[in-house]
Structure formats: structure tokens, C-alpha cells
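The values are calculated or read from the model by the stated rules, or taken from the named source; none is laboratory data. From a predicted model like this one, the values you see are computed outputs, not experimental measurements. Heads up, the Cβs are rebuilt from the backbone with ideal geometry, glycines too, and the neighbour counts pull from every protein chain shown. These area figures cover heavy atoms from the full protein model, side chains too; ligands, DNA and RNA do not enter into them. Shrake-Rupley method; radii C 1.70, N 1.55, O 1.52, S 1.80 Å.
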Amino acid sequence: QVQVAESGGGLVQPGGSLRLSCAASGSIFRIYVMGWYRQAPGKQRELVAAITSGGMTNYADSVKGRFTISRDNAKNTVALQMNSLKPEDTAVYYCNVVDRAGGFWGQGTQVTVSS
């Protein structure tokens with residue numbers, strides 16, 4: 001079993017920055033993909049950004065140029081640097097880890113962008 005834990009959410013003003021961190025632990029063989037999803041009230045969970053073990057990245061169009069995902073394979077951690085935040089970025093952000101046993105989710109961390 002893989003445990004996933006996020007940290008770094010909070011309240012920030014429009015135009016501000018936040019950095020989310022996620023660490024995977026437990027019975028890890030090899031993590032293929034690590035990613036960040038978000039879910040706003042009344043909306044479906046959506047992919048924000050993902051990164052493979054080889055460093056290939058994928059971003060939602062809405063965050064391209066503002067968010068950056070990075071990963072430390074040795075430590076099984078992934079981070080999401082969020083700049084130029086907008087009110088529409090407000091959501092619960094979830095870390096997702098995919099290894100050979102399947103996909104695992106963290107408990108989520110709230111990001112609120114408001115003045």
C-alpha cells in the first residue's frame with residue numbers, strides 16, 4: 001500500500017504564489033506518474049499537472065505558464081509551484097501517485113485565492 005500526503009495549501013491574494021508538496025511512502029516499487037488534480041465546489045475533479053519518472057510533463061491549458069510541476073524520484077516527492085494565482089484556481093488540490101499497484105490519492109489540501 002502507498003500512502004500519499006500533501007501540504008502547502010492556504011489562502012492567498014490574486015496574483016500571489018503558493019507551493020504545494022506531496023510525499024509518497026509505504027510499499028513503493030516504482031512510481032510511474034505523479035500528478036496534481038483539483039476539485040472546485042460543484043465541479044468534477046480535473047487534472048492540473050502531471051510528471052512521469054522520466055520528467056515528461058503535462059499541464060491543463062488553464063495553468064500553462066503559471067504553474068510548474070517538479071519531482072524528486074529518489075525521495076518520491078512532487079511539488080507544484082503556483083504563480084499568478086487567480087480566484088478560479090480556488091479548489092481542493094489532490095496529489096495522485098501511480099505505481100504498479102495502481103493509483104493512490106492524498107487527502108487533499110485547500111487552496112483559496114481571494115482578496
(message) I need the peptides 45-52, 99-106 ranked by packing, meaning the mean over residues of other C-beta atoms within 10 angstrom, with the highest value on top.
(response) 45-52, 99-106
(request) Could you pull out every one of the lysines with an alpha carbon less than 28 Å from that of LYS75, ignoring same-chain neighbours closer than 8 positions? (result) LYS64
(message) For a protection proxy built on the mean count of beta-carbon atoms within 10 angstrom, sort 60-66, 18-24 highest first, please.
(response) 18-24, 60-66
(request) Could you check how many percent of all C-alpha pairs in region 75-115 are farther apart than 10 Å? (result) 77
(message) Nearest 5 percent is fine: what portion of the DSSP beta bridges confined to the chain is antiparallel?
(response) 95
(message) For the chain, I need the span (max minus min coordinate) of the C-alpha atoms along each principal axis, in Å, sorted largest to smallest.
(response) 43, 24, 22
(request) Could you work out how far apart the two model spin labels at ARG66 and PHE29 are, taking each label as a point 7 Å from the Cα in the direction of the beta carbon, and quote it in nm? (result) 3.9
(request) Can you tell me the relative contact order of the chain? Whole percent, Cα pairs under 8 Å, sequence separation 6 or more. (result) 38
(request) Please report, as a whole percent, how much of the solvent-accessible surface of the chain comes from carbon and sulfur atoms (probe radius 1.4 Å). (result) 48
